[in-house]
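A short write-up of the structure that comes next.
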Amino acid sequence: MRIAFIGDGSLNHVRRWAGWFSGRGHDTLLFSFESVEGYGGAAVRLPKRLPTRLAGYLAALGPIRREIARFDPAIVNALYVGGYGLVGVLSGRRPVVVSALGSDLLVDYPSSAIHRAQIRYTLGRADLVTTDADNLSAVAREAGVPADRIVKAYFGVDERIFNAADRDDGDPPLVVSTRNLHPVYNLDLLLDAAPAIREAGARIVVCGDGPERTRLEGRAGLLGEGIVFTGRMEPARIAALLRTAAVYVSTSRSDSTSVSLLEAMACGAVPVVTDIEANREWIVDGENGRLVPPDDPAALAAAVAGVLGDPAFASRARERNAGIIRERGLFETNMRSVERAFEKLAAGRNG
């Protein structure tokens, strides 16, 4: 298939998604207003004509339509329902697939009448909508997308990198967060719980980067030793770290399926995560991890200490999580289901 992708080329999710199709031998081209430096496939960086996002997208429609017409794809796939999704459905090509990435439907959609109108318009004109969590599928249906036009596929993990082979728990035990340092991920909750977690004998490592890093590192410095910020790490280094972690923590207030959570499950770090809908799709409290209120540091610290103090529970959780990842959390398996849906769309176009 010849597929035109339209999305933020600086995002790992977009690069993985488009890159997978390129690696499968499809003829692909990624269009992005953001940097595509380092992306392994064919890509075009689009010029920004106006500073605001929506106006900038719409002002660039003419050149985008010409570029896409020249490429002549069988399918256009826009990643992110806002902005890029609107460009996709206005690109002049069909069929169009719009892929929800999380905050587009969970944060943008309820935020204003303008966002709701734009997202409803985009979803209403998409031939197919992909989601990666039940909560995203529910919002898409509420916005008017028929269930038979929604394909749920998890971004999933690369089992060649994220696995529990040669797992070796650290001593003293290690508690790891691999979320980016943005407000929605609420790393303040982990720092609020940090003194009690350290009293339980654990070290804390925070991976990732983002606009909150300087402030959070300043807070951590006031708490004394035992909390390390590593910055952004390559996948292989994250996997190696997770294989030594006793507990994985996510303090997010909002999420679709978190790839970071799936990576931790695959590597054998027991999840202690916030009790939000997307996490409940993967974690049953007391069975394969722990769910805690989004703003309760005492509960977070108690849950971490409970996992550290119960090796039998941790062992059972690791075994269950390994099975869950094999069953529905592998990137390759999920992407093949997306590929089949794309092939069906393309066949309909050519039929």
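The values are calculated or read from the model by the stated rules, or taken from the named source; none is laboratory data. Computed from a predicted model, the values in this text were never measured in an experiment. With ideal geometry, Cβ positions are generated from the backbone for all residues, glycine too; neighbour counts draw on all protein chains shown. The accessibility values were calculated without ligands, DNA or RNA, using every heavy atom of the protein model including side chains. Shrake-Rupley method; radii C 1.70, N 1.55, O 1.52, S 1.80 Å.
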From the list SER137, SER91, SER111, exactly one residue is open to solvent by 50 Å² or more (accessible area, probe 1.4 Å) and either under 28 Å from ARG326 (Cα atoms) or modelled with pLDDT under 95 (or both). Which is it?
SER111
Taking into account only those residues within the range 153-167 that are assigned to a loop (DSSP other than H, G, I, E, B) and open to solvent by less than 10 Å² (accessible area, probe 1.4 Å), which is nearest to GLU263 (Cα to Cα)?
GLY156
Return yes or no: is ILE6 of a type in the set (Val, Ile, Thr), under 22 Å from the mean Cα position of the chain (by Cα) and surrounded by 20 or more Cβ atoms within 10 Å (Cβ to Cβ)?
yes
Can you name the residue in the range 168-193 that is surrounded by fewer than 24 Cβ atoms within 10 Å (Cβ to Cβ) and farther than 18 Å from ARG253 by Cβ and, of all such residues, is nearest to the chain's Cα centre (by Cα)?
LEU174
Being part of a helix (DSSP H, G or I) and not small (Gly, Ala, Ser) narrows ILE238, ILE283 down to just ILE238
Subset of the range 264-279 [assigned to a helix (DSSP H, G or I) and in contact with an Asp or Glu (Cβ under 9 Å, 6 or more places away or on another chain)]
ALA266, GLU277, ALA278, ASN279
Would you check if there is a residue in the range 170-181 being part of a loop (DSSP other than H, G, I, E, B) and of a type in the set (Ser, Thr, Tyr)?
yes
Does the range 260-273 contain at least one residue that is without any contact (Cβ under 8 Å) to a residue 24 or more places away in the chain and either buried (at least 20 other Cβ atoms within 10 Å of the Cβ) or not aliphatic (A, V, I, L, M) (or both)?
yes
Residues that are within 30 Å of ILE75 (Cα to Cα), open to solvent by 10 Å² or more (accessible area, probe 1.4 Å) and of a type in the set (Val, Ile, Thr): does the range 332-344 have at least one?
yes
Run down ALA312, ALA347, ALA299 and say which single residue is closer than 23 Å to LEU190 by Cβ and in a helix (DSSP H, G or I).
ALA299
